[in-house]
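Below: one structure, written as structure tokens.
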Amino acid sequence: MIRIMIGNMIRTLMGPVLLGTVLLGAAISAAAAEPGHPTLKPEATVTGDLVRIGDLIENAGIVANVPIFRAPDLGSTGSVPAAAVLDAVRPHALIGVDTAGITAISVTRASRTIPAKDVEDVVAEALSRQFALGQAKDIAVTFERELRSIQVEPSSKGQLRINRLTYEARTGHFEATVEVPTNASNRGLLRLAGRATATVEIVTLVRPLDRGAIIKAADLVSERHPRAEVGRDVIADMEQIVGFAARNTLQPGRLLRAGDLMKPELVARNETVTLIYEVPGIVLTVRGKAAEGGAEGDVISVLNEQSKRTVQGVVSGPGRVTVSVNSPRLAANIAASEANGR
């Protein structure tokens, strides 16, 4: 009997406890299912022409897709006052929006950027292909109006295409219509005009050089010049210039030609040199005085200080001039030099 009474008491006490637990769980589930409070966002990125309520307000509910403002231009960012947002959503029964201390919302319209250089490259490629102006990289393209990067929808697909192109060889004037992918399915037309010039890369001086100065790599710079202004004798390869000497005084910006260069002088005018006589089985050396300067391989006149006669020899090294029987034009000098030397 006592056990039965205790069991009944426990069941009587557990009933309210279980009921309270069930009610608490239901309240928690209901709270979890209830949508969050609408709150302003500090910033937003949108696609398309319109800004919708859900772009600017978290937990906007069923009115999230309702448009309320026009979007900024592609790739641009604008600012919307918080008060203007609240005014715009009030007709849609969205009230009690938490501003979270925000006074303005920054809105950016997403875009894909097509650099101006891509447009220039497409035009140059077409000119190269259709009008034989050389390689596209050697064509300088300038536009009548400043060409800026193009902003298109992020969903745009495909590449730039030349729709129409004309070119006047005499003036270099061109007109082009370029197809631009604007969104996932459409393409727009960009009309351009300007001048195209075939160029070549050449080497010019960056500082003045006196006659005889040795040219170093630091004295040179590569530049592009119109192909029509560059003669065939202009040297374009820097390696063909470095180490040579200026034949005359050269000014900065000058297009260098073969006639502007010479081998570096190894013997200077009036310099004391070693005069070497070479004949089969005999090598004689005497002091001499150069009557003129010369580079390696040049034939110059040298005063034999021993015989006091002037002979001709070949510059063979720094301060060295050789008179050799192997050079037919100098053979006549050898015998006379030997006789006078003895």
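With the structure loaded, tell me whether Asn326 is surrounded by fewer than 13 Cβ atoms within 10 Å (Cβ to Cβ) and at pLDDT below 85 or whether it fails that test. Criteria met by Asn326. Within the stretch 214-254, being touching a residue at least 24 places away in the same chain (Cβ under 8 Å), of a type in the set (Gly, Ala, Ser) and out of contact with any Ser or Thr (no Cβ under 7 Å at 6 or more places or on another chain) holds for Ala217, Ala228, Gly231, Ala236, Gly243, Ala245, Ala246. So which residues in the stretch 96-127 are in contact with a strand residue (DSSP E or B) (Cβ under 6 Å, 6 or more places away or on another chain) and part of a helix (DSSP H, G or I), if there are any at all? Correct list: Glu120, Val123, Ala124, Ala126, Leu127.
Which of the following residues is surrounded by 15 or more Cβ atoms within 10 Å (Cβ to Cβ), of a type in the set (D, E, K, R), modelled with pLDDT under 90 and outside the structural domain of Ala169 (by TED's automatic domain parsing): Asp237, Asp298, Asp233?
Criteria check complete, one pass: Asp298.
Would you be able to say whether some residue in the stretch 202-212 is over 30 Å from Ala268 (Cα atoms) and assigned to a loop (DSSP other than H, G, I, E, B)? Looking through the stretch 202-212, none of the residues is over 30 Å from Ala268 (Cα atoms) and assigned to a loop (DSSP other than H, G, I, E, B). Please work out if Leu303 is at pLDDT below 90, in a strand (DSSP E or B) and closer than 13 Å to Thr322 by Cα. No, not satisfied. Among the criteria (1) free of Cβ contacts under 8 Å to residues at least 40 places away in the same chain; (2) surrounded by 14 or more Cβ atoms within 10 Å (Cβ to Cβ); (3) closer than 26 Å to Gly294 by Cβ, the one Asp210 does not fulfil is (2). Residues that are under 30 Å from Arg309 (Cα atoms) and either surrounded by fewer than 20 Cβ atoms within 10 Å (Cβ to Cβ) or at pLDDT 90 or above (or both) within the stretch 244-274 comprise Arg247, Met262, Lys263, Pro264, Ala268, Arg269, Asn270, Glu271, Thr272, Val273, Thr274, listed in sequence order.
The values are calculated or read from the model by the stated rules, or taken from the named source; none is laboratory data. Just so we're clear, the structure is a prediction, and the values are computed from it rather than from any experiment. All Cβ positions, even for glycine, are placed from backbone atoms using ideal geometry, and neighbour counts span all protein chains on display.
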